[in-house]
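Written out below as structure tokens is the structure these notes cover.
The values are calculated or read from the model by the stated rules, or taken from the named source; none is laboratory data. Only a predicted model underlies this, so the values are computations on that prediction, with no experimental measurement involved. Positions of Cβ are generated from backbone atoms using ideal geometry, with glycine treated the same way; all protein chains shown enter the neighbour counts.
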Amino acid sequence: MRTIVLTITMLLLTINLGEGENTMAENGKIRVLVVTGGHGFEREPFLALFKSIEDITFREVEHPKAHDLFKPDAAKQYDVLVLYDMWGNITDEAKANFVSLLKQGKGVVALHHALAGYPAWDEYARIIGGKFRLQKSVEGGVEKPASTFKHGVRFTVKIADPNHPVTKGMKDFEIVDETYGNFDVSPNVKPLLTTDEPTSGKTIGWCHTYGKSRVVYIQLGHDHTAYENPHYRRLVAQAIRYASAK
């Protein structure tokens, strides 16, 4: 009889918690929602990056379905949002849900082309801590040129703060990746990665807080040459752990 009661109790807990939360309770791993869409990428090598991180579980969701998972009930299924999207359209409801997540402390790690997402939503640039301009624009009465990019550049990434949890234990490293130039970086962020590569902006990785959330942006990550770089994998793993506040 006791065995039957325990079995029923466990079933009820599974139903009440939901599959994602029950998994978290069992294995203690960080639950990651990887958001993609709006920009092409090498899917299998990219997802292999997350499979290599032993202390996380992850799920990929593509636009236009991603915004449904910003809703309060759905957001209980993950601990950290990894943004690898470059989406343009977002409803007022999705905006409010996204901001609400961050006010509650949901961690965010934004990678590469996510810097160019939601160009018409100014608050998104404040959330990420920077902006890639798809075209020249006038901001605050000042004309700014479109941001630039260049594929397949070999350059050195410098660790700006070797004591920060995202970069702890790391040293300067070389990578072959796409560089961005003429993009905005908020003066309120903490630089974590820099470079002297002339086709790139100076600061290429940073963190800050928005609401109660830890937000990390890493400019690296165009294709398999970055995904498979062990230094990049370590950066992403440590960024996820930091954003999760674990």
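Every condition in (1) at pLDDT below 95; (2) crowded, with 17+ Cβ neighbours inside 10 Å; (3) among the charged types (D, E, K, R) is met by R234 except one, and the failing one is (1).
Mind telling me which of the residues A66, A110, A48 ends up being hydrophobic (A, V, I, L, M, F, W, C), touching a residue at least 60 places away in the same chain (Cβ under 8 Å) and crowded, with 19+ Cβ neighbours inside 10 Å? I'd like the intermediate steps shown before the answer.
Values: A66 fails: touching a residue at least 60 places away in the same chain (Cβ under 8 Å); A48 fails: crowded, with 19+ Cβ neighbours inside 10 Å.
Just one listed residue meets the conditions, A110.
Among the residues that make up segment 188-210, is at least one of them in contact with a Gly (Cβ under 9 Å, 6 or more places away or on another chain), closer than 23 Å to V32 by Cα and of a type in the set (F, W, Y)? Yes, some residue in segment 188-210 is in contact with a Gly (Cβ under 9 Å, 6 or more places away or on another chain), closer than 23 Å to V32 by Cα and of a type in the set (F, W, Y).
For every residue, the table says whether it meets (1) under 17 Å from the mean Cα position of the chain (by Cα); (2) at pLDDT below 95; (3) aliphatic (A, V, I, L, M); (4) within 21 Å of G28 (Cβ to Cβ).
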| site | (1), (2), (3), (4) |
| --- | --- |
| L69 | yes, no, yes, no |
| V80 | yes, no, yes, yes |
| D85 | yes, no, no, no |
| E93 | no, no, no, no |
| A96 | no, no, yes, no |
| L102 | yes, no, yes, no |
| G107 | yes, no, no, yes |
| A116 | yes, no, yes, no |
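Restricted to segment 95-182, the set of strands (runs of 3 or more DSSP E) holding at least 1 residues that are among the acidic types (D, E) comprises 137-139, 142-144, 173-181. So for segment 134-150 (the condition being β-branched (V, I, T), surrounded by 17 or more Cβ atoms within 10 Å (Cβ to Cβ) and at pLDDT 95 or above), does at least one residue qualify? No, the conditions are met nowhere in segment 134-150. Quick one: is Y217 among the hydroxyl-bearing types (S, T, Y) and part of a helix (DSSP H, G or I)? The answer is no for Y217.
Of the numbered criteria (1) farther than 23 Å from G205 by Cβ; (2) in contact (Cβ under 8 Å) with a residue 24 or more places away in the chain, the one A96 fails is (2). Just so you know, in segment 198-222 the residues that are closer than 17 Å to T156 by Cβ and surrounded by fewer than 20 Cβ atoms within 10 Å (Cβ to Cβ) include one that is farthest from the chain's Cα centre (by Cα), and it is P198.
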